[in-house]
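Please treat every number below as a calculation from the coordinates, not as lab data. Nothing here was measured: the structure is a model prediction, and the numbers come from that model. We place every Cβ from the backbone using ideal geometry, glycine too, and count neighbours over all the protein chains shown.
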Amino acid sequence: MTEAAVRLKFQRRPAPVMAEHRPLYKICQVLLVLHLASRGGKSSLLRLHLFNWALKRADRGRQLKLASDTKVLNVTAWGFDPALAIALRYAIAEKLIRVVSTGYELTDMGKLLAVDVTKDEAVFGVEKMLLVAVGKNITEAMVDSVAKGWEA
């Protein structure tokens with residue numbers, strides 16, 4: 001066969017997107033963090049990234065729960081997920097959260113959706129259990145004290 005005789009035909013096929021990279025999934029996670037584990041429904045971006053990082057694996061969730069119990073955050077660093085940034089932009093556009101001077105805050109519409117997600121036992125079971133267990137004990141001061149170590 002010669003090069004001229006070979007013809008390749010490409011056909012675009014749908015590719016599955018992992019659930020944790022779907023904007024609606026991330027938006028609901030953020031709403032749950034703000035609703036169940038944040039004082040006044042507010043959180044800094046850095047703290048949201050910490051919770052996002054912790055929700056990805058059970059061992060990280062246990063670290064967060066331990067920090068909640070001991071009031072000491074022994075996590076030296078955590079990941080920053082671009083999917084979270086995209087979800088935040090969509091949540092702002094849909095008026096589920098708003099930007100405030102300290103980070104992000106739930107809107108009334110966001111609270112309604114967070115309550116609905118909290119009531120639905122079929123979704124986010126593991127995440128809801130962790131967030132309720134951690135409660136509002138992971139403070140901005142705890143997160144800031146870890147982040148200050150990054151600057152050194």
From the square roots a ≥ b ≥ c of the eigenvalues of the alpha-carbon gyration tensor of the stretch 84-152, which class results: rounded (a/c under 1.5), prolate (a/b over b/c), or oblate?
oblate
Which order do F10, F51, F124 fall in if you start with the one that has the fewest other Cβ atoms within 10 Å?
F10, F124, F51
Which of the listed residues, I97, A87, G61, is farthest toward the dipole's positive end in the chain, when Lys, Arg count +1 and Asp, Glu count -1 at the beta-carbon?
A87
Residues V146, V99 in order from fewest to most other beta-carbon atoms within 10 Å are V99, V146
Counting other beta carbons within 10 Å of each residue's own, what order do M129, M18 fall into, fewest first?
M18, M129
As a quick test, which of the pairs K42/K148; K56/K136; K56/K119; K111/K148; K71/K95; K71/K148 have an alpha carbon distance above 26 angstrom in this structure?
K111/K148; K71/K95
Matching label for the computed Rg/Rh (Cα atoms, Kirkwood Rh), out of [x] 1.02; [y] 1.15; [z] 1.04, is [y]
Asserting the computed 222 nm helical MRE of the chain (DSSP H runs at least 4 long, -39500 (n - 2.57) per run, divided by residue count, to nearest 500) equals -17000 deg cm²/dmol
